[in-house]
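Have a look at the structure below, then the notes.
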Amino acid sequence: MKRVLIQTIPHSRQRYETVGDYQAAHGFVLFSVSEMGNEQYEALVALHEFVEWVLVTARKIPLVKIDDFDRQFETDRDLGDESEPGDAPEAPYRVEHRFAENIERLVCAELGVHWDDYNTAVLGLHQ
């Protein structure tokens, strides 16, 4: 397994409009999570990204294909649309994204975090 680095960063420093991101860099995988002022929320985002990355790597979905799709999705996003790029039917990683969200929801519940509160915090970063 490659070395993994998970970091929180100001939301404005994300590579594009996203709360969680992963990329291969210099022999390791870098996960960047937007600062949310809540370590449990940040851990949930990191968990989602890690599970998604494990699955897309196993299924040989190129990271550049995911990045290109996400950037185009954000460019084409309609005003008021709060959906996740990975939920789009044409997303090249839709299955992997949805599975990662299921794990994220399970851990959220185990932590006693209310999904709606967490999701509101995530969506609030996009404004």
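The values are calculated or read from the model by the stated rules, or taken from the named source; none is laboratory data. Bear in mind the structure is a predicted one, so any value in this text is a computation, not a measurement. Reconstructed Cβ throughout: ideal geometry from the backbone, glycine too, with neighbour counts over all protein chains shown. When the accessible area is computed, the model is the full protein with side chains, heavy atoms only, and any ligands, DNA or RNA have been set aside. Shrake-Rupley method; radii C 1.70, N 1.55, O 1.52, S 1.80 Å.
Is it the case that some residue within the range 72-79 is touching a residue at least 12 places away in the same chain (Cβ under 8 Å), under 11 Å from the mean Cα position of the chain (by Cα) and not in a loop (DSSP other than H, G, I, E, B)?
no
Can you name every residue in the range 12-27 that is among the hydrophobic types (A, V, I, L, M, F, W, C) and open to solvent by less than 40 Å² (accessible area, probe 1.4 Å)?
Residues satisfying the conditions are Val19, Ala25.
Would it be correct to say that Ala100 is touching a strand residue (DSSP E or B) at 6+ places or on another chain (Cβ under 8 Å), under 23 Å from Gly124 (Cβ atoms), among the aliphatic types (A, V, I, L, M) and surrounded by 11 or more Cβ atoms within 10 Å (Cβ to Cβ)?
no
Being under 17 Å from Gly112 (Cα atoms) and either assigned to a strand (DSSP E or B) or touching a residue at least 24 places away in the same chain (Cβ under 8 Å) (or both) is the filter here; which residues of the range 25-42 pass it?
Asn38, Gln40, Tyr41, Glu42
If I ask for residues that are of a type in the set (D, E, K, R), free of Cβ contacts under 8 Å to residues at least 24 places away in the same chain and surrounded by 11 or more Cβ atoms within 10 Å (Cβ to Cβ), which ones from the range 103-127 would you list?
Arg105, Asp117
Quick check: anything in the range 90-113 outside any helix (DSSP H, G or I) and closer than 20 Å to Gly37 by Cβ?
yes
If you scan the range 55-85, which residues turn out to be more than 19 Å from Asp117 (Cα to Cα) and surrounded by 15 or more Cβ atoms within 10 Å (Cβ to Cβ)?
Leu55, Val56, Thr57, Ile61, Leu63, Ile66, Asp67, Phe69, Asp70, Arg71, Phe73, Pro85 - these are the residues of the range 55-85 that are more than 19 Å from Asp117 (Cα to Cα) and surrounded by 15 or more Cβ atoms within 10 Å (Cβ to Cβ).
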